[in-house]
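Okay, structure first, notes after.
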Amino acid sequence: MNSTVKKISNDFSPVGFSITPFAANPRLQVIKLSSETVKSFIEQVLPLGVQAIEYKPFLRFHAADILNKLTDDTLGANLLGIIKSRATGGFMLQCEPVVADFDQLEFNILLSTAVSHLIGVPNLDAMYGKFYARFSVKNEDNSDSYLRQAHRRMELHNDGTYVKERTDWVLMQKLAEENMQGGDSLMLHVDEWQDLEKFYNHPLAKEDIQWTSPASKNVGYKIQHPVFFEEDENGRPKMLFIDQFAEPLNMRQGQYLFEMGSSLEAEENTINVRVPVGSMLVMNNHVWLHGRDKFTADKGLYRELLRQRGAYYENAKL
Ligand SMILES: [Fe+2]
């Protein structure tokens, strides 16, 4: 490696990928891996195989290390910097096209695993029984939450509200889509919520709320925490809110949560983000709320997502 590249990499300027702000909201960063980086990742990581990384957790870190080395150790530092900074707190990661013959599903699972292990450790996804979950949205659905229901908007929320595991970040990758109109991801940064101070300065902002979840989530307990559960190093609030799984125990709590949900849904600073197949959205779960716009009815509608959620390395130990 020549000295110029070495010098650049010391300050974590991107090598083998680019970073540009997302048009609709420059807080969100668009990371694009170069064709060369993607090609080398395919050559070096795909031979590991998805089954092996499911069975051996250390291989997930090995995949992440290979990806990081392909970028001269600059990718991990940039991803962590973006996720942990309140000003940005999120990125969409995409790949430049490559001419190669490879298994797209294996590639997607291995790439999202490499990315997640550059920013922390994923939690076990109780709904799917693995460190990642795959789930689909179809035109018809009989499930017990709005996660898989196509014809309505899934309201803005944070993940990990009803589990004990810490959920510092959320990764959502689009695996497939067919006949899809609508269904964009919705995102709102907590600091862009115009009613934030009204709800944060409210007497109930720090009062414990009870959170529970339906059977499909496979979580057999209830937990308590306030919506504004923690402050960052500058004293700014972090949030854990989801309308469906809050279980208010009196009228005051019920009204506070009802007004909060109404305010969030009316917020005009919410952005629509169309995630192309193969791309992933990764966000700081405590400063970005996310949701999903409704889909246009279509008998052939099919969309499949992969999700990983977890903690930063320093928060990962249970
Ligand atoms: Fe979610």
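Each reported figure results from applying straightforward, stated rules to the coordinates on display, with no laboratory input. Source: prediction; values computed, not measured. FYI the Cβ positions are ideal-geometry reconstructions off the backbone, even for glycines, and counts take in every protein chain you see.
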Compare the peptides 269-276, 20-27 by average per-residue count of other Cβ atoms within 10 angstrom and give them in order, highest first.
269-276, 20-27
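Among the GluC sites (Glu not before Pro) in the range 238-318, which ones are in a DSSP loop with at most 11 other Cβ atoms within 10 Å of the Cβ? Mind listing them?
In loop regions of the range 238-318 (DSSP not H, G, I, E or B), the sparsely surrounded GluC sites (Glu not before Pro) are Glu268.
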To test your reading of the geometry: what angle, between 0 and 90 degrees and rounded to tens, separates the Cα axis of helix 104-119 from the longest principal axis of the chain?
70
With DSSP loop assignment and no more than 11 other C-beta atoms within 10 Å, the GluC sites (Glu not before Pro) in the range 210-253 are Glu233
Answer with one residue from Ser185, Tyr162, Leu110: the one whose Cα lies farthest towards the positive end of the charge dipole of the chain, charges on Cβ with Lys, Arg +1 and Asp, Glu -1.
Leu110
Between Tyr132 and residues 5 or more places away or on another chain, which pairs have amide H atoms under 5 Å apart, with H built 1.01 Å from N, and which residues are they?
Asp125
Output ³J(HN,Hα) for the range 212-217: one whole-Hz value per residue in order, computed from phi by the Karplus curve 6.51 cos²θ - 1.76 cosθ + 1.60 with θ = phi - 60°, and x for Gly and Pro.
9, 8, x, 4, 5, 7
Name the long-range amide H neighbours of Val30: under 5 Å, sequence gap of 5 or more, or other chain; modelled H, no Pro or chain starts.
Thr20, Phe22, Met92
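Roughly how big is the chain's charge dipole about its Cα centre, with Cβ charges of +1 (Lys, Arg) and -1 (Asp, Glu), in debye to the nearest 20? Intermediate results must be reported in sequence, preceding the final value.
Values: 34 positive and 42 negative charges, 88 e Å.
For the chain, the charge dipole is close to 420 debye.
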Reach of Lys299 by Cα under 20 Å, taken over aspartates and glutamates that are not fewer than 8 positions away in the same chain
Glu140, Asp141, Glu177, Glu178, Asp184
With Cα atoms, 0 to 90° folded angle of helix 57-70 axis to the chain main axis:
60
So for the chain, taking the charge dipole from beta-carbon charges (+1 Lys/Arg, -1 Asp/Glu), which of Ser40, Tyr302, Ile19 sits furthest toward the positive end?
Ser40
Compute a Gaussian network model of the chain, connecting alpha carbons closer than 10 Å, and tell me which residue from Asn284, Asn234, Asn158 fluctuates the most.
Asn234
Whole-number percent relative contact order across the chain, with pairs defined as alpha carbons under 8 Å at least 6 apart:
27
Excluding residues fewer than 8 positions from Lys39 in its own chain, the aspartates and glutamates with Cα under 18 Å of it are Asp65, Asp72, Asp73, Glu96, Asp101, Asp103, Glu106
XL table Lys174/Lys206; Lys222/Lys317; Lys174/Lys222; Cα-Cα > 32 Å flagged, in table order, is Lys174/Lys206
Using Cα atoms only, what is the angle between the long axis of helix 75-84 and the major principal axis of the chain, expressed in degrees (0 to 90) to the nearest 10?
10
